[in-house]
């Protein structure tokens with residue numbers, strides 16, 4: 001089953017860069033959403049998670065706050 005991965009990030013966030021690099025290293029396709037430019041997506045992110053912090057990864061609709069490798073690995077089966 002293909003995993004759906006969205007990464008909510010900002011260009012200046014070092015943990016966002018680390019999370020995206022980690023996904024690329026593991027050949028995981030993801031949609032990168034820059035919430036500093038996309039206000040609508042930023043609102044949707046906060047509405048869904050209750051959190052303003054980035055990165056947020058939505059993996060098959062499960063929300064992971066921050067670059068939480070164990071949670072990412074578990075949801076992606078890595």
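The values are calculated or read from the model by the stated rules, or taken from the named source; none is laboratory data. All values derive from a computational prediction rather than experimental measurement. We place every Cβ from the backbone using ideal geometry, glycine too, and count neighbours over all the protein chains shown.
So here's what we get for this one:
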| quantity | calculated |
| --- | --- |
| Search result, residues across the stretch 67-78 that are part of a loop (DSSP other than H, G, I, E, B) and at pLDDT 95 or above | 67, 68 |
| Residue pairs meeting the criteria (Cβ under 9 Å; at least 6 apart or on separate chains; first on the phi > 0 side of the Ramachandran plot and touching a residue at least 12 places away in the same chain (Cβ under 8 Å), in the stretch 63-77; second in a loop (DSSP other than H, G, I, E, B) and buried (at least 16 other Cβ atoms within 10 Å of the Cβ)) | 66/54; 66/55 |
| Any hit, the stretch 10-30, residues being surrounded by 13 or more Cβ atoms within 10 Å (Cβ to Cβ), in contact (Cβ under 8 Å) with a residue 60 or more places away in the chain and part of a helix (DSSP H, G or I) | no |
| Residue tally, condition out of contact with any strand residue (DSSP E or B) (no Cβ under 7 Å at 6 or more places or on another chain), over 12 Å from residue 6 (Cα atoms) and part of a loop (DSSP other than H, G, I, E, B), over the stretch 31-66 | 6 |
